[in-house]
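The values are calculated or read from the model by the stated rules, or taken from the named source; none is laboratory data. None of the values given here were measured: they were computed from a predicted structure. Cβ placement follows ideal geometry from the backbone for every residue including glycine, while neighbour counts extend to all protein chains displayed.
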Amino acid sequence: MNLEPGWDSRVVHDELERVRADFHRLLESSNADDLAAWSDGTRWTNEQLLFHMLFGYLIVWALLGLVKIFSRLPERFSRAYARILDAVTGPFDRVNYLGSCVGARVFDRRRMGPKMDRVIAALHRRLEREDPAALGRGMHYPTRWDPFFTPYMTVAAIYRYPTQHYDFHRRQLILATSPSPSTASDSAPPGTSPP
C-alpha cells in the first residue's frame, strides 16, 4: 500500500481542468450532424462516445468505493473479485456499449457539459480531502474490462484512470475541431484494445 513514485495531486487537478475545458470545446464546436456521425474505431456515434468519455469520470466514484471496501480485506478477496469480473467480460462489454447509447439520450449535448463540470468539481473536492495514506490503498482489478485497468490499482491510480480513458477515446472522435492535445496517455497499453 505505497503511493506511486512522483505522485503529485496538482498534476491530477491540472488534468481534470484540461479535460473539462476540452470537453466544453468539443461540445460547443460540434453541430447535430457532427454528433450523429460515427466515431472512428467504435460502434458509437460521436455523441455516444462523448457520453462514454464522461462516464469514465462518473464511474470513479464506484471504483473508489470498491477500494475502500476491498483494501481493508485480505488481498485474496479482491483478487478473486477481479477474476470473477474478468470471467464476465462479454456481458460487461454489451452493457458498456448499450449504456453509452442510452446515456447519450439522457445526457445529450446540452446536459453533458454541466454534468462534466459537476463531476470534475466533486473530484477536485474529494482529492483535496484524501488522506495521503489512503492514496496508497489499492485492490486487484479486472484487466479485461478496460485497457487502463492494471492488475492492482491504488486510489492514486484511480484518480488518474478517467483522464487516460478520456485521452484514448478523444482520438476516436470524428469532429470538425482542432486535433486532440498530445499527452503521454494517448494510446492504450501494449497488447490491449479499446473497450
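Below are the figures for this structure:
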item: Test set (1) more than 16 Å from TRP145 (Cβ to Cβ); (2) in contact (Cβ under 8 Å) with a residue 60 or more places away in the chain; (3) surrounded by 14 or more Cβ atoms within 10 Å (Cβ to Cβ) - PHE107 fails condition number; result: (2)
item: Where a residue in segment 11-27 is under 21 Å from LEU49 (Cβ atoms) and at pLDDT below 95 and its partner, wherever it lies, is part of a helix (DSSP H, G or I) and among the β-branched types (Val, Ile, Thr), with Cβ under 7 Å and at least six apart; result: none
item: Pair list, Cβ under 7 Å, 6 or more apart: segment 60-82 residue within 18 Å of ALA133 (Cβ to Cβ), other residue crowded, with 16+ Cβ neighbours inside 10 Å and of a type in the set (Val, Ile, Thr); result: LEU64/VAL155; LEU64/ILE158; VAL67/VAL155; VAL67/ILE158
item: Those residues of segment 72-95 which are touching a helix residue (DSSP H, G or I) at 6+ places or on another chain (Cβ under 8 Å) and not hydrophobic (A, V, I, L, M, F, W, C), in sequence order; result: SER78, TYR81
item: Criterion: modelled with pLDDT under 90 and closer than 18 Å to GLY41 by Cα - qualifying residue of PHE168, PHE92, PHE148; result: PHE148
item: Those residues of segment 87-120 which are part of a helix (DSSP H, G or I) and among the aromatic types (Phe, Trp, Tyr), in sequence order; result: PHE92, TYR97
item: Selection within segment 39-49 - under 13 Å from ALA104 (Cβ atoms) and not basic (Lys, Arg); result: SER39, THR42, TRP44, THR45, ASN46, GLU47, GLN48, LEU49
item: Residue in segment 184-192 that is surrounded by fewer than 19 Cβ atoms within 10 Å (Cβ to Cβ), among the β-branched types (Val, Ile, Thr) and either modelled with pLDDT of 90 or more or in a helix (DSSP H, G or I) (or both) present; result: no
item: Per-region count, segment 123-161, residues closer than 20 Å to ILE69 by Cβ, in a helix (DSSP H, G or I) and of a type outside the set (Ser, Thr, Tyr); result: 11
item: Residue that is surrounded by the fewest Cβ atoms within 10 Å (Cβ to Cβ) [pool: residues in segment 119-162 that are closer than 22 Å to ALA87 by Cβ and of a type in the set (S, T, N, Q)]; result: THR150
item: Helices (runs of 4 or more DSSP H) fully within segment 1-75 counting 3 or more residues that are of a type in the set (Asp, Glu) and closer than 15 Å to PRO114 by Cα; result: 9-28
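Okay, residues lined up against (1) more than 21 Å from GLU28 (Cβ to Cβ); (2) in contact with a Pro (Cβ under 9 Å, 6 or more places away or on another chain); (3) hydroxyl-bearing (Ser, Thr, Tyr):
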| residue | (1), (2), (3) |
| --- | --- |
| ARG43 | yes, no, no |
| ALA80 | yes, no, no |
| ARG83 | yes, yes, no |
| VAL95 | yes, no, no |
| ARG105 | no, no, no |
| ARG111 | no, no, no |
| ASP117 | no, no, no |
